[in-house]
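J.: This structure is in structure tokens; I'll ask about it shortly.
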Amino acid sequence: MKKLYLGSSLLSLLLAFDAAAADVYVRDIQVEGLNRVENETVMSYLDIQSGGTVSEEQLNDALKQLYATGLFEDVSFHVTPDGTLRIDVMESPVIGERLFDGNEKVDTQMLESEVQMAPRASFSKAKVQDDVQRILEVYKRTGRYAVVVEPKIIRRENNTVDLIYEIDEGPLASIDKVNFIGNVHYSASDLEGEIMSKESRWYRIFSSAENYDAEKINYDKELLRRFYLRHGYADFRVVSAVAELSADKTSFVLTYVLDEGPRYKVSEIEIISELSGVEPGMVEESVLLKAGDWYDAEKAEKSVLIITEELGQKGFAFVDVEPELVRNTPAGELKLVFRIREGERVFVNRINITGNERTDDDVIRREFRIDEGDAFNASKIKASRRNVENLDYFSKVDIQTVPKEEGNQADLNVKVEEKSTGYFNVGVGYSTVNGALVRAGITENNFQGRGQQLGLDVGVSQRAQDYNLSFTEPYFLGRPLSAGIDLFHSSEDYQDEGSYDTTTSGGRLRLGWNYTDDLSQYIRYTLRKDKIDNVANDASVYIKAEEGDYTGSIIGQTLVYDKLDSQINPREGYYLSFGNDVAGLGGDEKYLRFDAKAYRYFTIADYYTFKFFFNGGYITGYGDKDVRLMNRYFLGGYNMRGFEYGGIGARDKYTDDSLGGNWMVYTGAEMSFPMGLDELGIRGRTFVDVGMLGKPDDIDTQIVDYSSTPRVATGVGLTWQSPMGNIAIDFAIPVVKKDFDETEVFRLNFGTNL
């Protein structure tokens, strides 16, 4: 009897054919050992027919095909002297239950969608090992590289098994260190502030920024490129970005190797038109850069978009505007050339969006500068991609152009990868203004996937409590209008400054829109109830007169022109705003208020940032109403260093209570500089503050000390970009003051103020 065996190890194939026997005659085929699998199923996998000769190669292939089905643990072939091919099989067990144990961080449904082995399927060791690798990949995508997956098999009756994947998830792989090599002009702290990946710190327990994500590394490279190109480094490139996994697979060290190159100023701007009917003078005002400016790639791109739109409005639908840089590297200068050509006559057929499982299509489509049916325009597509990225809802945005068979049409395939848009923050600390404090907040920037913003913020300190709930719809009524509502309640202890306490409750409706990328306007309506109580027996007569409840109904607007390079840490540019409020549409208050702000920033030698600022305000009552205490201006503390809160201005001679003023000017200059603590986000500063405060209309100067002459203070301090926002520590000395002013040398402030 000639035999052919294939053991369950699949490592050897034993052929009992003698060397001379090339073929054997098979009269009949018999299959032994079947319980669950049908005989016809086995025969369907055999390329062998009874009543003919079979080669050794055919038997070998048939044997392999039966094993490949995964239905059998063991298979052997036996050819008897009478020509019967007997196939002995041992069926693979059937999976009864398939379970995952220990998966707390990854949903079971996600794991089930990844693995091959399912209940009622035939058990296969090879497929189980494949599934282990699939599970490991799922966990790597979530940032867990130390995960251990151990498959366990429990044998049951009737040749069934239970399959259990025991999972030890391990910790999230954090970023232990971020290194930058080749950065000469900007510190590691400056650059880390620009990228998404952050070093692991105790205060980032509620943030995902410190968790390693390979996709974030690619986006970091793009963010670094944009940062340097905005600041004049036209030759900048990221040479490499390497992530090294620690031996215990719990942390990474990221290293970005940079080539900054020289910084360029724009020496000349030239517009060259190769399009008939288009003269350079038609669009020269659309260029946002001027000769003498530091080169800014973002402004150059915006200029391309503006030129394209300007020519489109004049009837030139197919326009290709290409910026070219002519470098004079030794001089650190470049010539910026905008070359206008006729673009390819292609129209956008469809804009297809995928990957947005949570975010509505409309939220993405409304950020596009190009619509279906429009003439194809590369600059508008680039601007659209930037707009979608700036939503900060996605870790990746990819736009591919796919030509259609028609030849003059193309689809835009937009693929996005969503990321977490919810944030939770909590902080504790101490302030010289409010004493010990606790603050917590939660914000969702893409509420229900509609691009809406919902926030709740609570602050409690020794002298103040405040609660704020806000909701903003950025595209109200399907138009680029931001509409929102705020609800607020606060109470504050002013016993030290004025011998009274205040409570404010109310709500606000908001509407805002942009005229341009830099110019915006906001209107608002506020309904609030103010209360002055707990007035001390020895308080000023002016404060006693205002004890009680008052209702304010106020409508106002603010016009903002913002040319700052950053809202969080500005280094270049300027900011202007003008606002006014009218109270008296109902309620007890009747006043007009006007406020203006101006800020100018510029940086020298990439490290020393100068800030010049001006804040001014004026409020006056009308009808028979005076301006009440809670609506007046108070100068001192955060808005005039070197003086206590309310330390400047009208003050009761007998009670020393601060009474505020009806107009205010606060101006000055500040220089921030590195202290060698950039890694911790700490910078030093020196400043000069100048302030003036006008008196209330209804005071008697016989019992009130008052002077509107300027006060001046100078000092030094430092700013720490802490987990709770900016923390400012200041040491200031008043150099011009009045005897009745309340001064202070040291102040600790929380929060971010321009």
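The values are calculated or read from the model by the stated rules, or taken from the named source; none is laboratory data. The model shown is predicted, which means the values in this text are computed figures rather than measured ones. Backbone-built Cβ (ideal geometry, glycine too); neighbour counts: all protein chains shown. To get the accessible areas, we keep the full protein, side chains included, count just its heavy atoms, and leave off ligands, DNA and RNA. Shrake-Rupley method; radii C 1.70, N 1.55, O 1.52, S 1.80 Å.
J.: With the crude spin-label approximation of a point 7 Å out along Cα→Cβ, what separation in nm comes out for Glu57 versus Asn408?
T.: 5.8
J.: Hey, another quick one. Only residues of the stretch 644-673 count here: report those whose backbone N is under 13 Å from the spot 7 Å along Cα→Cβ of Val541, or say none.
T.: Hits in the stretch 644-673 for Val541 at 13 Å: 652-655.
J.: Now a separate question. Considering amide H positions built from the backbone, and no H for Pro or chain starts, which residues 5 or more places from Lys625, or on another chain, come under 5 Å of its amide H?
T.: Result for Lys625 returns nothing.
J.: Still on this structure, I have one more. Amide H neighbours of Val535 under 5 Å, counting only residues 5+ apart in sequence or on other chains, H built in-plane at 1.01 Å?
T.: Asp501
J.: Shifting gears a bit: Let me check I've understood the local charge: for Phe687, count other residues with C-beta under 13 angstrom from its C-beta, Lys and Arg +1, Asp and Glu -1. What total comes out? If you can, show how the numbers build up before the last one.
T.: Working: positive: Lys611, Arg641, Arg683, Arg685, Arg747; negative: Glu670, Asp689, Asp730.
After counting each charged neighbour, the total is +2.
J.: What do you get for GluC sites (Glu not before Pro) in the stretch 338-413 restricted to DSSP loop and a cutoff of at most 16 other Cβ within 10 Å of the site's Cβ?
T.: On the way: sites: Glu342, Glu344, Glu357, Glu367, Glu372, Glu389, Glu405, Glu406; in loops: Glu344, Glu357, Glu367, Glu372, Glu405, Glu406.
Filter output for the stretch 338-413: Glu344, Glu357, Glu372, Glu405, Glu406.
J.: A follow-up question, please. Could you work out how far apart the two model spin labels at Tyr608 and Leu509 are, taking each label as a point 7 Å from the Cα in the direction of the beta carbon, and quote it in nm?
T.: The two pseudo-label positions are separated by 5.2 nm.
J.: Any idea of the accessible area per residue across the stretch 313-353, 1.4 Å probe, to the nearest Å²? Intermediate values should be presented prior to the final figure.
T.: Details: 2290 Å² over 41 residues.
Ligands and nucleic acids excluded, the result is 56 Å² per residue.
J.: While we're here: For the stretch 36-101, run through the trypsin sites (Lys or Arg not before Pro) and keep only the ones in DSSP coil with at most 14 other Cβ atoms within 10 Å of their Cβ.
T.: Taking the stretch 36-101 and a limit of 14 other Cβ atoms within 10 Å, the loop trypsin sites (Lys or Arg not before Pro) found are Arg36.
J.: A further question on this structure: What residues qualify as long-range amide H neighbours of Gly660, i.e. H under 5 Å apart, gap of 5 or more or another chain, H built at 1.01 Å from N?
T.: Excluding prolines and chain starts, which carry no amide H, the hits are Ala650.
J.: Let me ask something else. Each residue of the stretch 594-607 in turn: what ³J(HN,Hα) in whole Hz from Karplus with 6.51, -1.76, 1.60 and θ = phi - 60°, glycine and Pro shown as x?
T.: With coefficients 6.51, -1.76 and 1.60, one gets 10, 9, 9, 9, 8, 9, 9, 10, 8, 10, 10, 6, 6, 10 Hz.
J.: If you take every residue apart from Gly478 with its C-beta less than 15 Å away from the C-beta of Gly478, what net charge results, scoring Lys and Arg +1 and Asp and Glu -1?
T.: Numbers: positive: Arg365, Arg366, Arg450, Arg479; negative: Asp360, Asp361, Asp362, Glu367, Asp371, Glu473.
Summing Lys/Arg as +1 and Asp/Glu as -1 gives -2.
J.: Tell me the per residue accessible area of the stretch 612-754 using a 1.4 Å probe; a whole number in Å² is fine.
T.: Values: 6030 Å² over 143 residues.
Per residue, the stretch 612-754 has 42 Å² of solvent-accessible surface.
J.: How far is the Cα center of the stretch 480-500 from the Cα center of the stretch 390-410, in Å?
T.: A separation of 46 Å, based on Cα centres.
J.: Roughly speaking, what is the stretch gain from Thr686 to Arg341, that is 0.36 nm per residue apart minus the C-alpha to C-alpha distance, in nm to one decimal? Can you show the working numbers first?
T.: Numbers: separation 345, 0.36 × 345 = 124.20 nm, distance 5.15 nm.
Fully extending the segment from Thr686 to Arg341 adds 119.1 nm.
J.: From the helices alone, meaning DSSP H stretches of at least four residues, give me the mean residue ellipticity at 222 nm for the chain, per-run term -39500 (n - 2.57), in deg cm²/dmol to the nearest 500. If you can, show how the numbers build up before the last one.
T.: On the way: 11 runs with 108 residues, N = 754.
Calculated from helices alone, the mean residue ellipticity at 222 nm is -4000 deg cm²/dmol.
J.: Any idea how far the Cα center of the stretch 19-70 sits from the one of the stretch 636-683, in Å?
T.: 93
J.: What does a probe at Asn387 reach in the stretch 335-362, counting residues whose amide N is under 13 Å from the point 7 Å along Cα→Cβ?
T.: Flagged as within label range: 362.
J.: Take the solvent-accessible surface of the protein heavy atoms, probe 1.4 Å, and return the percent of it on the chain that carbon and sulfur atoms account for. Provide the component values of the computation, followed by the final result.
T.: Values: 18750 of 37360 Å².
Exposed carbon and sulfur together represent 50 percent of the surface.
J.: What's the local net charge at Gly548, with K and R +1, D and E -1, over the other residues with C-beta under 9 Å away? Walk me through the intermediate numbers first.
T.: Working: positive: Lys531; negative: Asp533, Glu546, Glu547, Asp549.
Summing Lys and Arg as +1 and Asp and Glu as -1 gives -3.
J.: Can you list which of the GluC sites (Glu not before Pro) found in the stretch 87-121 are DSSP loop residues with at most 16 other C-beta atoms within 10 Å? Please list the in-between numbers first.
T.: Values: sites: Glu91, Glu97, Glu104, Glu112, Glu114; in loops: Glu104.
Here the GluC sites (Glu not before Pro) that fit, given the DSSP loop and packing criteria, are Glu104.
J.: So between Lys653 and Ala291, what do we pick up on full extension, going 0.36 nm a residue minus the alpha carbon distance?
T.: On the way: separation 362, 0.36 × 362 = 130.32 nm, distance 5.85 nm.
Roughly 124.5 nm would be gained on extension.
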